[in-house]
Amino acid sequence: MAGRASLGRKGRKPKQDAELDITSFMNLMIVLVPVLLMMMVFSRITVLELSLPELGDASSAEIDVKNQRLELVVRANSVAVYYPQGYLVKELFSTEQGHNYEALQMVLRQIKQSLLNKDIDKKSATLLLEENTPYEVIVALMDTTRSYQDVLITSVVDAELFPEISLGDAPLIAENGSNQ
């Protein structure tokens, strides 16, 4: 009976704790962590802040020069630049390769330069898009409108054009060709 009392209440030997062998798990982590860290460099998210066009009174007789809007009406076969709104500066027709972004950027640079000559620092532009405009075209137009590359002394820098971009719907075209 004395032997039985030493083994415990039910007469069993106490279990010993099992040892965990985490060597293979540690080897996996040693390989996995650097691979995941290297992949983080390749994934980058870019966010562009957009603003909605302001609602205004269409019947106002005279709009202040600083409040006049630069509008780009984007259609499937052309991009029309209006400044101030309602006054066509230039309409650029698409080529076989698509929209002519270089010519559009030159027109925008001329507008920006003429505004700077009048001591007006305009930063906003409105893209008026047709309903089925492809996403790639919208992004390319936004990039073209925001900035251009220029050479400053010995380096290439991004010069600012109109970084504050608003999006809207393009006006409908009537059957006789005029905008509605």
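Restricting attention to region 165-175, the residues being open to solvent by less than 90 Å² (accessible area, probe 1.4 Å) and at pLDDT 80 or above number 6. Restricting attention to region 109-145, the residues that are assigned to a helix (DSSP H, G or I), within 18 Å of Ala80 (Cβ to Cβ) and under 19 Å from the mean Cα position of the chain (by Cα) total 7. Glu91 meets each of the listed conditions (1) more than 21 Å from the chain's Cα centre (by Cα); (2) of a type in the set (D, E, K, R); (3) in a loop (DSSP other than H, G, I, E, B) apart from (3).
In region 147-174, the residues that are within 15 Å of Tyr82 (Cα to Cα) and outside any loop (DSSP other than H, G, I, E, B) reach residues that are at pLDDT below 80 and of a type in the set (Gly, Ala, Ser) with C-beta atoms within less than 6 angstrom, at least six apart or across chains, in these pairs: Ser166/Ser51.
Name the residues in region 138-164 that are of a type in the set (Ser, Thr, Tyr) and surrounded by 15 or more Cβ atoms within 10 Å (Cβ to Cβ), would you? Outline the logic, then answer.
Within region 138-164, the first condition is being of a type in the set (Ser, Thr, Tyr), and the residues that meet it are 144-145, 147-148, 154-155.
Passing the criteria: Thr144, Thr145, Ser147, Tyr148.
Would you please name the residue that is nearest to the chain's Cα centre (by Cα), looking only at residues in region 154-169 that are among the acidic types (Asp, Glu) and under 14 Å from Leu70 (Cβ atoms)?
Glu164
Kindly indicate whether any position in region 32-46 is of a type outside the set (A, V, I, L, M), open to solvent by less than 100 Å² (accessible area, probe 1.4 Å) and modelled with pLDDT of 70 or more. Yes: region 32-46 contains one or more residues that are of a type outside the set (A, V, I, L, M), open to solvent by less than 100 Å² (accessible area, probe 1.4 Å) and modelled with pLDDT of 70 or more. Evaluated against (1) out of contact with any Pro (no Cβ under 9 Å at 6 or more places or on another chain); (2) of a type in the set (Ser, Thr, Tyr); (3) modelled with pLDDT of 85 or more, Ser178 falls short on exactly one condition, (3). Taking the criterion of being open to solvent by less than 60 Å² (accessible area, probe 1.4 Å) and of a type outside the set (Gly, Ala, Ser), the residues of region 76-100 that qualify are Val79, Val81, Tyr82, Tyr83, Pro84, Gln85, Leu92, His99, Asn100.
The values are calculated or read from the model by the stated rules, or taken from the named source; none is laboratory data. Here the structure is a predicted model, which is why all the values come from computation and not from measurement. Cβ: placed from backbone, ideal geometry, glycine included. Neighbour counts: every protein chain shown. For accessibility, only protein heavy atoms count, side chains too; no ligands or nucleic acids. Shrake-Rupley method; radii C 1.70, N 1.55, O 1.52, S 1.80 Å.
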